[in-house]
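To keep things clear, I will list the structure first and then write my remarks on it.
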Amino acid sequence: MSTSKGDVEMTSDSSGIAQKRHRPLKRTPSTSVPPMPWFGIDIGGTLTKLVYFEPTDLDEYVESPDEQIREKTIHRYLTTNKAYGETGVRDVNLELSGVRINDRKGIIHFIRFPTDRMLNFVRLVKEKGFAQMSSTVCATGGGAEKYAKVAEEELGMYFHKSEEMRSLIKGIEFVAQNNLDECYYYDNPLSKDYKKVIWRWTSARCSTTDHIHDDKKCPPPEGLQYPYIVCNIGSGVSVVLVRSHNDFKRVSGSSIGGGFFQGLCFWLCGCETFEEAIELATKGDNKKLDKLVGDIYGTDYDAAGLPSDVIAASFGKVFNKEDAKNIKKEDLASAALVTTANNIGSIALNIANHHGIERIVFAGNFLRVNPIAARLLAHAMNFWSKGTKKALFLIHEGYFGAVGCLDKLVDVTNTRRMEKNSKSTTPSQASSSAGEDKEGSIEGGENVVIKDDEEMKTPRD
């Protein structure tokens, strides 16, 4: 990595004798690192998530005038607004500072908007001139295919597709590495006095802002180690088995996820947004629609080990107009939410039991502004597993796919640079330059998102 000449300034010591002091030398970014700006985008079936890496180490690097202009323009627009257009929102509370990616230090900003407003987003990008600032954006999610042609024709921007599962897992592990308080679980989830307890991803410490740390009440957890299950809940549900940093695969899923819940609430309750549906569900009582074990047996069903308050049939109490007279929209929304959460929990638990895994990480935008579903999942995991399974949740919920794309952006730059070099050099020159480029580069981007072996306490493959 090359450096520029350092500036010299005159200082004096305690005796008043003038001395020369060199300011820190600025570095030139490695050719393996793409020029700013860095974006990652996850275009889901319902919600699009965008992350932007804002460099804060500008005094350490020599950047081109074009890069400086691009960074100032984007920084000014992003940081002076919390909303973009009619539906775009920046989640300021999720901002991650002091993050290091590919030897650059900065802040990750998190932005979301409904996917059905993608064309509005394209128009906004075009109007602000952002399209000329970045020719390649790494994208994941189904929309990376669906909207690739629109981005290319309207913005002259190329979507490099990043595989969804890879982006998800790399994003989760990268964010958890940079935010020690990322992962948490619920203590007494269905109680009015429930607590959120921080689960340290890479250490044995346990702490929380809600729960006063007491070694007797809160014994140190083991930290999240391989293997674990990721249950990603978006419009649909994907369940991923993670055995190591490069060994993961989708093992199950369901069509009954966030899209199912929001669709039901639209048709049954007239809710036009996810937030409206969740707010309505918090005010309702699902037991007015769901038939419980106690409704059938009059008490617990001891022979099967089923308490009286366990749901025997979702929506099982409403079969005619007479039954429906006392049902409110709030109750319908609550029953829809509980039905969705129970289905997801059942699938996740069955997969964990099948593979003998104790830790289940729930992620995805279905859990955004939705603590009820998280608490239901936490209770279900603990109850049905008799305490052998731990339901874990993540603060950044649905943004991990987009974060994983930042890592992929480096891979794309490396590949294109190598292809360009191979066309302009002889075989012997290419061999020599390959050895030089390896220094300071990132092989597959793995060290961007993966904890070292000692931290993870697991052997590499």
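The values are calculated or read from the model by the stated rules, or taken from the named source; none is laboratory data. All values derive from a computational prediction rather than experimental measurement. A quick note on method: Cβ atoms are made from the backbone with ideal geometry, for glycine too, and the neighbour counts reach across all protein chains shown.
Values computed for the structure shown
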{"item": "Single match in 100, 90, 112, 117 (criterion: charged (D, E, K, R), farther than 18 Å from residue 404 by Cα, touching a helix residue (DSSP H, G or I) at 6+ places or on another chain (Cβ under 9 Å) and assigned by TED's automatic domain parsing to the domain that holds residue 148)", "result": "90"}
{"item": "Enumeration of residues in the range 288-308 that are out of contact with any Asp or Glu (no Cβ under 8 Å at 6 or more places or on another chain) and surrounded by 13 or more Cβ atoms within 10 Å (Cβ to Cβ)", "result": "290, 291, 295, 296, 297, 300, 301"}
{"item": "Test: residue in the range 230-240 that is at pLDDT below 90 and out of contact with any Cys (no Cβ under 6 Å at 6 or more places or on another chain)", "result": "no"}
{"item": "Boolean, residue 311 is in contact (Cβ under 8 Å) with a residue 60 or more places away in the chain, within 26 Å of residue 385 (Cα to Cα), out of contact with any Phe, Trp or Tyr (no Cβ under 7 Å at 6 or more places or on another chain) and not charged (D, E, K, R)", "result": "no"}
{"item": "Scope the range 340-351; condition touching a Cys at 6+ places or on another chain (Cβ under 9 Å) and among the aliphatic types (A, V, I, L, M); matching residues", "result": "344, 347, 348, 351"}
{"item": "Members of the range 176-202 that are out of contact with any Cys (no Cβ under 7 Å at 6 or more places or on another chain) and within 18 Å of residue 229 (Cβ to Cβ)", "result": "182, 183, 184, 185, 186"}
{"item": "Subset of the range 137-173 (residues that are under 15 Å from residue 125 (Cβ atoms) and among the β-branched types (Val, Ile, Thr))", "result": "137, 150"}
{"item": "Within the range 220-231, tally of residues that are surrounded by 15 or more Cβ atoms within 10 Å (Cβ to Cβ) and farther than 13 Å from residue 166 by Cα", "result": "8"}
{"item": "Complete set of residues in the range 325-356 that are among the hydrophobic types (A, V, I, L, M, F, W, C), touching a residue at least 60 places away in the same chain (Cβ under 8 Å) and over 18 Å from residue 276 (Cβ atoms)", "result": "344, 347, 348, 351, 352"}
{"item": "Tabulated pairs, the range 232-244, first under 16 Å from residue 358 (Cβ atoms), second aromatic (Phe, Trp, Tyr) and surrounded by fewer than 20 Cβ atoms within 10 Å (Cβ to Cβ), C-beta under 8 angstrom, 6+ apart or interchain", "result": "242/226; 243/226"}
